[in-house]
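None of the figures in this text is laboratory data; all of them are computed from the coordinates on show. Computed from a prediction, not measured in an experiment: that's the story for all the values here. Using ideal geometry, Cβ is built from the backbone for each residue, glycine included, and neighbour counts are taken over all protein chains shown.
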Amino acid sequence: MNKLSKKLTASLAAILMFSAVFSGCSGGNTKSISTIKATEPKYKDENGIGYNVDKDGKLTISTFKGSKTDIKIPSKYKGKKVTTVGRSSFKMAKIKSVTVPDTVTKIDDYAFAFSRKLEKVVLPDSVKSIGTNAFASCIKLKEIKLPKKLKTLGMYSFDASGLREITIPKSVKKVDEYAFAECKYLKSAKFNSADTKIADTAFNRSIDVIITAPKNSKAIKFAKDKNIEYKVK
């Protein structure tokens, strides 16, 4: 085999390897999140909530391995503020309700994904970011009040959840891709701002949703473009 043939063979092998790694990442397949693991904790409280210390000395929840079904997250532990519900920390948890304290500013990626028994979530207005897949496939979650200071509503954040209605605060600049996709029970999406952008796939396959928004808003334009039923506030 000459040098050129060897280079071509090596290049082909690299392409095949790359394709295999990323073959399951298209089309909004949230099942892939089962491979995302939470970080092992530095501390663990009596309820099974694990914490890690951030660089600024504040706490991020990293795991939950408790048996309680109704969880009230503390605002402090070991004298340190709890500011983040971390990546995958409650993923697939068998909890029914969770109350988040007003020290928390971020719900990280996959935080409550596939928690199929989760029915009630209380979020404080301090939360500014809800990450990718944060509440994906929470099929019993029928309603949630989004925080007044929320800015980021990530991709797939409520994908395939049980939501019946949702109100988007004025503070949200954009509803990201697949944020409310495949929400088969979703009937109402209300927008308080005329300037909130909506990604093309934000309501993909949520076929019964009706969008309510201010006249001449970006949400109304989106609804018209996508042939979604709408109402003007």
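For the reader, a short list of remarks on this structure follows.
- Taking amide H positions as modeled 1.01 Å from N, with prolines and chain starts lacking one, the residues under 5 Å from Lys174 and 5 or more places away or on another chain are Leu153, Lys197.
- Chain lengthening between Ala194 and Lys140 when straightened (0.36 nm per residue, less Cα-Cα): 16.4 nm
- Placed amide H near Ile49: partners under 5 Å, 5+ positions off or other chain: Lys65
- Residues of the stretch 192-220 with amide N under 20 Å of a point placed 7 Å along Cα→Cβ from Lys170: 192-198, 212-220
- Extension reserve of the Lys187-Lys117 stretch, reckoned as 0.36 nm per residue once the Cα distance is removed: 23.1 nm
- Options Ser75, Asn204, Ile95, ranked by Cα towards positive dipole end of the stretch 68-232, top entry (Cβ charges): Ser75
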